[in-house]
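**Q** Have a look at the structure that comes next, please.
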Amino acid sequence: MKNLNNKKILFIICGGISAYKSLETIRLLKKNGAEIKTILTSSAKEFVTPLSVASLSQGKVYSDLFSLENETEMDHISLSRWADVIVVSPTTANTISKLAQGTTDDLASTVILASNKQIYLTPAMNVRMWEHKSTKINLKKLKDFGYKLIGPETGDMACGEYGEGKMSEPLKIADKLNQFFLNQSQNKKFKALVTAGPTNEYIDPVRFITNKSSGKQGYVFYD
Ligand SMILES: Cc1cc2nc3c(=O)[nH]c(=O)nc-3n(C[C@H](O)[C@H](O)[C@H](O)COP(=O)(O)O)c2cc1C
């Protein structure tokens with residue numbers, strides 16, 4: 001996953017049971033050379049601690065929209081500017097709903113709305129929440145807004161049920177991000193040749209022919 005090297009990833013963790021998997025995703029991204037800053041929603045802090053996230057990411061962990069620490073720079077603007085890509089993992093039903101409405105009542109949702117970067121969502125929730133019509137409508141909106149989805153998968157859930165809504169594995173998430181950066185670098189290399197004006201038929205001035213009666217062969221030159 002060499003395309004992750006030196007890439008700036010803003011990693012947002014929401015309050016879902018699969019938040020523990022995000023520690024592994026962060027470890028993988030870091031191992032492959034990415035620079036990581038993290039935002040934890042206040043619910044996320046119930047599932048993973050800022051200390052474990054800071055230790056694994058070796059980067060700063062943010063949570064508060066109104067922080068006195070960074071009074072000179074507005075985090076919600078500077079974090080979005082800093083990032084090459086934003087990943088929300090896990091993405092809860094609540095955050096999906098907030099993003100679909102454009103709600104900005106915490107640091108995570110405000111940074112996302114203030115961003116013009118590509119945003120990846122990795123939804124994770126109980127199958128009933130995933131199949132709820134309001135989640136479906138919200139997701140349709142988010143796709144229209146340009147958000148990209150990774151997963152969710154079908155399988156056994158932490159709540160004991162089986163179905164769609166299980167978060168994708170860290171390796172798959174890291175791989176998708178690697179692919180995103182690979183595509184980005186290939187698009188930069190691609191150069192299009194645009195021509196204007198009429199096209200002219202090209203007549204080959206030299207032909208190799210065979211004389212039918214004599215059987216002789218040779219080149220004929222046209223002016
Ligand atoms: C034990 C437990 C596990 C939860 N797991 C999930 C989950 O996997 N997905 C989800 O969408 N919400 C889950 N929730 C509910 C969210 O924590 C809740 O909706 C919260 O408001 C999400 O806040 P956030 O989107 O700001 O992080 C869970 C709640 C509890 C108590």
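**Q** Give the residue that is nearest to residue 3 (Cα to Cα), with candidates limited to residues of the range 37-52 that are free of Cβ contacts under 8 Å to residues at least 40 places away in the same chain and either away from the ligand (no atom under 16 Å from the Cβ) or among the basic types (Lys, Arg) (or both).
**A** Here the residue is 52.
**Q** Return yes or no: is residue 55 polar (S, T, N, Q) and either within 16 Å of the ligand (Cβ to nearest atom) or modelled with pLDDT under 95 (or both)? Full working, then the answer.
**A** Values: polar (S, T, N, Q): yes; either within 16 Å of the ligand (Cβ to nearest atom) or modelled with pLDDT under 95 (or both): no.
Answer is no for this residue.
**Q** Continuing with this model, one more query. Can you say whether residue 139 is within 16 Å of the ligand (Cβ to nearest atom), among the aliphatic types (A, V, I, L, M) and at negative phi, as far as the supplied structure shows?
**A** Working: within 16 Å of the ligand (Cβ to nearest atom): yes; among the aliphatic types (A, V, I, L, M): yes; at negative phi: yes.
Taking the combined requirement at face value, the residue satisfies it.
**Q** Taking the range 120-146, which residues are surrounded by 16 or more Cβ atoms within 10 Å (Cβ to Cβ) and in contact with a Gly (Cβ under 8 Å, 6 or more places away or on another chain)?
**A** Those that are surrounded by 16 or more Cβ atoms within 10 Å (Cβ to Cβ) and in contact with a Gly (Cβ under 8 Å, 6 or more places away or on another chain): 122, 123, 124, 125, 126, 127, 129, 130.
**Q** Related question: Which one of the conditions (1) within 18 Å of residue 15 (Cα to Cα); (2) assigned to a loop (DSSP other than H, G, I, E, B); (3) more than 10 Å from the ligand (Cβ to nearest atom) does residue 125 fail to meet, given that it meets all the rest?
**A** (3)
**Q** I'd like the residue in the range 1-36 that is part of a loop (DSSP other than H, G, I, E, B) and within 16 Å of the ligand (Cβ to nearest atom) and, out of all such residues, is nearest to residue 170 (Cα to Cα).
**A** Pass one, the range 1-36, residues part of a loop (DSSP other than H, G, I, E, B): 1, 5-7, 14-18, 32-34.
Among the residues that remain, those that are also within 16 Å of the ligand (Cβ to nearest atom) are: 14-18.
Working: 14: 15, 15: 17, 16: 15, 17: 14, 18: 11 Å.
Ranking the candidates gives 18 first.
**Q** What number of residues within the range 94-107 satisfy the criterion of being near the ligand (Cβ under 9 Å from one of its atoms) and in contact with a strand residue (DSSP E or B) (Cβ under 8 Å, 6 or more places away or on another chain)?
**A** Counting residues in the range 94-107 that are near the ligand (Cβ under 9 Å from one of its atoms) and in contact with a strand residue (DSSP E or B) (Cβ under 8 Å, 6 or more places away or on another chain) gives 2.
The values are calculated or read from the model by the stated rules, or taken from the named source; none is laboratory data. Treat the numbers as computed from the prediction; the structure is a model and nothing was measured. Reconstructed Cβ throughout: ideal geometry from the backbone, glycine too, with neighbour counts over all protein chains shown.
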